[in-house]
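What follows draws every value from the coordinates through simple rules; no lab data is involved. What you are looking at is a predicted structure, and each value in this text was computed from that prediction instead of being measured. Glycine gets a Cβ as well: all are built from the backbone with ideal geometry, and neighbour counts include every protein chain shown.
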Amino acid sequence: MAIGRRDVPAPAAPDAGGGLLARPAWTKGIGSWLTTVDHKRLGILYILTSFTFMGLASIEAFIIRLQLAAPGMELVSPDVYNQLFTMHGVTMIFLAIMPLGTGFANYFVPLMIGARDLAFPRLNAFGYWVYAAGGIFVYSSFFLGGAPDVGWFAYAPLTSLSNNPGNGTDFYMIGLLIGGIGSLVTAMNLIVTIFSMRAPGMTMMRMPVFVWMILVTSFLIVFAFPPLTIALTQIVFDRTFGTLFYVPEAGGLPILWQHLFWIFGHPEVYIVILPAFGVISEVIPTFSRKPIFGYPVMILSGIFIGFMGFAVWSHHMFTTGLGPVANTAFALTSFVIGVPTGVKIFNWLGTMWGGSVRFTTSMLYAMAFLFMFVIGGITGIMLAMPPFTAQATDSYFVVAHFHYVMGGGALFAFFAGVYYWFPKLTGKLLPERFGQYTFWAMFVGFNMIFMPQHFAGLMGMPRRTQTYEAGIGLEIWNLVSTAGTFVMGTALFMLLFSVIYAFRKGQPAGNDPWDARTLEWAATSPPQHHNFDEQPIVTDRDAFWAQKYPELSHGDDGSQWEGVDFDSHGIHMPGQSWYPFLLALAIFIAGYGLLFENWPLSILMLVVLTGATYGWAFEGVGGHHVHPGDDAAEGAGD
Amino acid sequence: MAADAPATAAPSVPAHGWRSSKLPDMKLMMWIFLASDIMFFGTLIGTYLIYKGRSLTGPYPQDVLDIPLTTVSTFVLLMSSFLMVIALDALKRNDIGKFRLWTFGVAFFGAIFLGFQVYEFNHFVDLGLTLQGNLFGTTFYVLTGTHGVHVAIGVLWLLSIVVASYVRPWTSKDATNLEVAGLYWHFVDVVWIVIFTLVYLVDFVPGAGG
Amino acid sequence: MSSEHDTHESHGIRGYVIVALILAVITYVEFAIIEYEIAWLGPGAILFWLIALSLAKFVMVIAYFMHLKDDDATYTGFFTSGMVIGFGTFVAFTFLMTLPASLPEIRQAALTVSQPAHGEAEGDGYGGGYGGGISEETRAAIESDGYSRPLSDVLREGPPKDQTLRVTPPAAASDGWTVALSTPAFGAARAEAAPAGDEAPAPAEAAPAPTDAEPAPDEAAQATEVASFDPAAAEAAYTANCASCHQANGAGLPGAFPPLAEHFPTLVASDAGRTYVISSLLYGLQGEIEVQGMTYAGVMPAWGYLGDDVLANTLNHAATAWGNEALLADDFTPFTPEEVAAQRDGGLTAADVYELRNALDLP
């Protein structure tokens, strides 16, 4: 990969085109989107794709709730029901909420640190296309013999060929393998970007909290995905090549899968929630008109959560008979990880305390996040006690718990982010009053769905079961829960409507509608292709706030940067490329080759893959230089 | 000797834009990848160790593993790492001839290592150790096979560098590109050091085999 | 070119050559340790030196060949964080995975060592699952109780009403407390326990006798009817519920599921053993056991949701099929649904059953 790249562009050499494919140069139309390497376009693609998958997962959840509305319903068969809850979980976690965080990171990390793009723009494009390919791959299972039906954590030996002869499990395994590649490369890309592309003056401790949380998340992805990759590969090998990893008759240990899955799976919880923390840490200070309370503690607790995230995985396995010693140890670490999370909650409250709070829709979502995340956190502490888990495991209590964390926590935080950043993305304001109605419908609907599930769960209603008996006291809770889906569904449609409405007829937002604090608001709305006309100089923690209100800033005066011509070469715009899309496409098709054991196709795709990698390497980063304010001057490509 | 520029008063601004870190992006990327790869091989080695001694039928490790042979291939891989550093040293001194020679040497040694592995696999299959035969076969082939794929990618990469250095003559400015490939190569070597001990040698400790 | 460059070159390369030589020597030493079995070096020492030497190689390659020693600390930070998380995770994980294998020894050691001070018995901490350990008193109670009642009753209620528990304080600080039960006649206790499942108090029911066994003295005629079983139904029950693991031929799967053929009769030779096999069906079994020289660490699920008759049938099939019948003790009587029912509602855990098995020292 490093073959063709030079740190210094060759002087005025004409673009060789990489030999294979001419470098595309569309600026409009579908070609421009397929070949784009612009972090903003990719961020929008991420956000749109993840919301599309979220819509699909919501439909699945809706059918699940209809099936459970009353005892003994026969809306879907147990088999279809299994597919629905599996796909709902897989979609929400791998294809919706996690990429939503990546999408926001893609769009806003470079803007927040005053950079023009990510460190590896083509790799970023590749990450997106691979993620999309993985998602489409998993969803194609509905048309190719049935979706996976083994639950989102796919416990062995349920996934063995003898127990699960259909293709569903293969779609799950290979789809997640493909998608995992995208998460990994994008995380590495973001780490390099955050390390080496911060604006002059932006030290690590001046970075916005969102960027910090993305940095921690990226490290979590880098360390947590390899165990999952191996575990998935082991199952694929078991099913395709007849290896014995999870075959009990040959001495294999199915419990190994649980360990490997949760070594990934628990950091994954923080991979989902830490970007949400970051969004909240931007929204609350802006609408409280105060700097974040306890910034260093906020950062350190984020790092601590990330580190401890690797030390708690066995609390998902309390009931597998680990023994009291292991159970106690993991219960303790699980309690410990609650502490930095609590610190963060108090810091957000401290930020609001004494501030002049504006109750915009975004702020309402952020405050609802605080409320519901605390509920999810408290049930989490309950579940961190092994004896309690022994009672509540696999019940709707657990379902309610993680929906309060993932939905009421992460999802509401991202909704806050949508309302907060929509003006920056589009230049239009979302309708505010309608947004508040939407918020209340969402809030009421969400709590109607999931609050009763606590009680149903404590009464013993098992999760992942297609129906339940009448007359054991579960009817009312399930009915209320199902009724809630209609309220929340309405709210989701209201949100969709207001987004479409605002996109067409919204009020112009201006560059800085919220009187915000971080650098992305210094750019135009939507930002220009090159983000900033001039390299921003950072003098204080809330960089843009310090620019607007220098009298309130305690930072430096930026004098050490005087006389440095940051843009003497012009701004380098990386060239578009076909290779990221081509590589992802080859991996996508190779996935089918592996799944259907069509070896000629697989080998052909391996050849395409290798060829595309060489094409990529010899194509070089390419691009041209722009000189804002001097439209005529265009630097030569390299 | 090349890294004295950023220390001067006026920060230099490269053409690709301002950098807050003087570390090359590619090298940062490679180190992060290697950190990630630790978890990757950690999982594979962990699986191997947990399944050690759980095979219900033979052949068992002591029946097939050939320590003298593997010691030689281990030695070859270690020496390829040595060639890698002197190749990088040559490129940094702009000694392009030696750089090409040694880089080719690394790839050549890597290919020899792969040859040993192919021979070893063939031989083991003849002895009855298969991917599907017992847990030892399953975990052994997947672990060493994954390592072999890493080596093969490294060999391809290094050969591509040799070819690329003819297509567009390389100078000491390209040292980072070679250094990144070298880091990858050394890491693959380091992983083999661990595998050699935990998979091969430990099985022959009297009383500790399984 | 210039002499300056040459010095640099020779200096840099000389360092690399030295490192490479050391690496080569270490590799040879590792090889030699294994190839020429060095008698005076014990297995532990060999293992230690192998790991220490490979660690030395590992560190040298990273520090010198990958230049981490002199390079920017950021790289070291990345790599070290990966090493710390990876090493920590996989050591903990390997420990968790291998822990069950070492439990029996810990447990056995803890149970056999007399504990002067109660509550400090470390063995209690290693119950596996939620059963926890059982106290010395309970254990004594179980043993002296002759296993006439479900273990759960003993655990919950203490000794039976018609027995007296005598607790003797330690005579000296080094002695433990002694607990003794005045145990009534064995048959009486059994007669009391068996009909607990239904309302019929007839003591005779509890001592069933198959046709080929020597009748018990107090046997009534109806007992024969209760005690007999239908071999076809028994086989059907076994095939439906047990054969997928223990196999249709009762041979189990070596290393995964213990055999029943040629093994089950030895289990049910004693009444305590009968109690144990019924408990293991009702509540499952979890923990490492050794059968016919092979270790099994699998988990037997609890089958309590099956009916009493089904469970009794499976037991009878296991007792009589595959040539087991010839191995049975002469006084063997088939299992009855009532005998199974008597042990229900025990609320034992799989770990308690494991305790029971260890306490009995079953083959």
ask   = Rg and Dmax of chain A over Cα atoms: what are they, in angstrom?
value = 24.9, 80
remark   = Averaged over residues of B:45-55, the number of beta carbons from other chains lying within 10 Å of each residue's Cβ is 6
note = Within 10 Å of the Cβ of an average residue in C:256-268, the count of other chain Cβ atoms is 1
task = Quote the FRET efficiency, to the nearest 0.05, computed for residue A:551 versus residue B:125 with a Förster distance R0 of 56 Å and r equal to the Cβ-Cβ distance.
result = 0.15
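Determine the relative contact order of chain A: mean sequence separation of Cα pairs under 8 Å and six or more apart, normalised by residue count, in whole percent. Please report the intermediate quantities before stating the final value.
Numbers: 1052 pairs, mean separation 126.7, N = 638.
About 20 percent, as a whole number.
Could you give the dipole magnitude of segment B:9-164 about its Cα centre, charging the beta-carbon of Lys and Arg +1 and that of Asp and Glu -1, in debye to the nearest 20?
Values: 9 positive and 8 negative charges, 131 e Å.
Once rounded to the nearest 20, the dipole reads 640 debye.
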request  = Return the long-range amide H neighbours of residue A:26 (sequence gap of 5 or more, or a different chain), with a cut-off of under 5 Å between placed amide H atoms.
outcome  = none
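What's the local net charge at residue A:538, with K and R +1, D and E -1, over the other residues with C-beta under 9 Å away? Spell out each step's value before the answer.
Values: positive: A:198, A:206, A:541; negative: A:540.
Result for the neighbourhood of residue A:538: +2.
Loop-only check: which chymotrypsin sites (Phe, Trp or Tyr not before Pro) in segment B:20-113 are DSSP coil with at most 14 other Cβ within 10 angstrom? The partial results should precede the final answer.
Working: sites: B:31, B:33, B:40, B:41, B:48, B:51, B:75, B:82, B:99, B:102, B:104, B:108, B:109, B:113; in loops: none.
For chymotrypsin sites (Phe, Trp or Tyr not before Pro) across segment B:20-113 that sit outside H, G, I, E and B with at most 14 neighbouring Cβ atoms in 10 Å, the list is empty.
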ask   = Under a 5 Å amide H to amide H cut-off, with H placed in plane at 1.01 Å, what residues pair with residue C:285 once short-range neighbours are removed?
value = C:300
message = With unit charges on the beta carbons (Lys and Arg positive, Asp and Glu negative) and the dipole taken about the Cα centre of segment B:91-210, which residue among B:195, B:184, B:94 sits farthest to the positive side?
response = B:94
query = Taking the alpha-carbon centroid of each part, what is the distance from segment A:359-399 to segment A:497-562 in angstrom?
reply = 35 Å
remark   = Here P(r) for chain B, Cα-Cα distances in 5 Å bins, as whole percents, is 1, 7, 13, 16, 16, 13, 10, 8, 6, 4, 3, 2, 1, 0
key: C-alpha center-to-center spacing [segment A:49-113, segment C:252-283] in angstrom   = 47 Å
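What are the membrane-span-like helices in chain B by this rule: whole DSSP H runs, Cα extent along the axis at least 24 Å, mean Kyte-Doolittle hydropathy at least 1.6? Before the final figure, lay out the partial values.
Values: long enough: B:25-51 (39 Å, 1.24); B:67-92 (38 Å, 1.69); B:96-126 (45 Å, 0.81); B:135-167 (47 Å, 1.54); B:175-195 (30 Å, 1.24).
For chain B, where a helix must reach 24 Å along its axis and average at least 1.6, the hits are B:67-92.
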key: Percent RCO, i.e. relative contact order, over chain B, from Cα pairs under 8 Å lying at least 6 residues apart   = 32 percent
ask   = For segment A:38-83, rounded, prolate or oblate, judged on the Cα gyration tensor with a ≥ b ≥ c (square roots of eigenvalues), a/c < 1.5 rounded, else prolate if a/b > b/c?
value = prolate
task = On a C-alpha basis, how far is the centre of segment A:223-253 from the centre of segment B:145-189 in Å? Whole number, if you could?
result = 31 Å
request  = Assign unit charges at the C-beta atoms only (+1 for Lys and Arg, -1 for Asp and Glu), then state the dipole size of segment A:10-143 relative to its Cα centre in Debye, rounded to the nearest 20.
outcome  = 460 debye
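What is the magnitude of the charge dipole of segment A:204-297 about its Cα centre, with +1 placed on the Cβ of each Lys and Arg, -1 on the Cβ of each Asp and Glu, and no other charges, expressed in debye to the nearest 20?
Values: 4 positive and 4 negative charges, 102 e Å.
Rounded to the nearest 20 debye, it is 500 debye.
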message = Checking understanding here: applying a Kyte-Doolittle mean of at least 0.5 and a length along the axis of at least 27 Å (C-alpha), which whole DSSP H helices in chain A pass?
response = A:39-67, A:121-139, A:168-196, A:209-241, A:254-288, A:324-352, A:361-383, A:475-505, A:599-619
Length released on extending from residue A:27 to residue A:596, taking residue separation times 0.36 nm less the Cα-Cα span = 201.0 nm
remark   = The answer for residue A:428, listing residues at least 5 apart or on another chain whose modeled amide H is closer than 5 Å to its amide H, is A:509
